[in-house]
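Trainee: The structure that follows is given in the form of structure tokens.
The values are calculated or read from the model by the stated rules, or taken from the named source; none is laboratory data. Being a predicted model, the structure only gives us computed values, none of them experimental. As a convention, Cβ positions derive from the backbone with ideal geometry for all residues, glycine included, and neighbour counts pool all protein chains shown.
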Amino acid sequence: MAALMANAVGAVKDSLPDDWSARTATEELETELLLEALYQRFGTDYRGYARRRLRVRLQGLLRASGLATLSGLQERVLHQPGAAQALLRALAPPPAGLFALPEESRRLRTALGASLRPTALPKVWLAEPAGVADAWTLAIVLAEEKLYGRTEVFATVACEEQLAEARDAALPVAQLAAAQPLYAASGGDGRLADYFEVSDGRARLLPRLRERITWAQYSLVTDASFNEFHGIVCRHALPDFGPLLRQRVLRLFRDSLAPFGVLGVDHALAATDAGAEDYQPLFADGGWYKRVR
């Protein structure tokens, strides 16, 4: 078996261009320089992000921009207005639709509903949501659980441009019909369209629901805990983080979560994860936890 594996690896290496190793080393260096430039020039820190996931998004931006190298992208980011904002948008979690993951929305109902109901004025932190539809999904779930009128939602994003877009966002009205079966699969028993106002083919969440969401710029990478929350949900950004940054953010969530509050993350916590000993899983396959100490 070892000989077969060695032969397979050798065959792969033989099939690669002669300059493959040099090109890879150059791309790695260009990636580090780009991230350092982004931090030094704009104060946005992606240096602790998982490189593999970053490179996929960076290559997609190169293709969309018609650029050949990350060095060319760095030059554009540093010297061309609007280029940095385009880069930050490309590195953020991709936007998701309303109730895009029905099973997760169903778990959201169960986990937050049980946790927030005994609390007089609960606070929920939605960290780095996958677009405005992610926050609006949470708002609708809380409304249907009869919790929204006394719950304050803090939705935070790292990029200033994302913040401006979220505050003035609207969705194509066709998305409401497309999301109706997903909403029903999540446990919704009404008409999704009833939660929206429609104008000129665009749909916005009703004002009485929007006004309970506080959008703010906040960096999970560098900022400290800013409140105590009864629910924290971060299911889209954590997969992008490298190991050290992931532990930093998990400690931040532990320090920000009230006793018996609920944490929703991307996958099951490992025994070695920061704060893991303080949580009780709410579902067999992990992802959702109650802080018990």
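Trainee: Test P207 against the stated conditions and say whether it is closer than 25 Å to L116 by Cα, out of contact with any Leu (no Cβ under 6 Å at 6 or more places or on another chain) and surrounded by fewer than 16 Cβ atoms within 10 Å (Cβ to Cβ). Lay out the reasoning, then the answer.
Mentor: Working: closer than 25 Å to L116 by Cα: yes; out of contact with any Leu (no Cβ under 6 Å at 6 or more places or on another chain): yes; surrounded by fewer than 16 Cβ atoms within 10 Å (Cβ to Cβ): yes.
Criteria met by P207.
Trainee: Restricting attention to strands (runs of 3 or more DSSP E) lying wholly within segment 175-238, give those where 2 or more residues are without any contact (Cβ under 8 Å) to a residue 40 or more places away in the chain and among the basic types (K, R).
Mentor: Working: elements: 196-199, 202-205, 213-217, 229-233.
It comes to 202-205.
Trainee: Among the residues of segment 114-132, which ones are free of Cβ contacts under 8 Å to residues at least 40 places away in the same chain and either charged (D, E, K, R) or closer than 17 Å to C234 by Cα (or both)?
Mentor: Passing the criteria: R117, G131, V132.
Trainee: Another one. Please find, among A185, A155, A178, the residue that is in contact with a Pro (Cβ under 8 Å, 6 or more places away or on another chain), modelled with pLDDT of 95 or more, aliphatic (A, V, I, L, M) and over 23 Å from E228 (Cα atoms). Steps first, answer last, please.
Mentor: Numbers: A155 fails: over 23 Å from E228 (Cα atoms); A178 fails: in contact with a Pro (Cβ under 8 Å, 6 or more places away or on another chain).
Unique residue meeting the criteria: A185.
Trainee: Considering R76, R89, R53, which residue is within 24 Å of Y39 (Cα to Cα) and touching a Cys at 6+ places or on another chain (Cβ under 8 Å)? Before the answer, list the steps.
Mentor: Working: R76 fails: touching a Cys at 6+ places or on another chain (Cβ under 8 Å); R53 fails: touching a Cys at 6+ places or on another chain (Cβ under 8 Å).
Criteria check complete, one pass: R89.
Trainee: Same structure, new question: I'd like the residue in segment 156-182 that is within 23 Å of W125 (Cβ to Cβ) and of a type outside the set (A, V, I, L, M) and, out of all such residues, is surrounded by the most Cβ atoms within 10 Å (Cβ to Cβ).
Mentor: Q162
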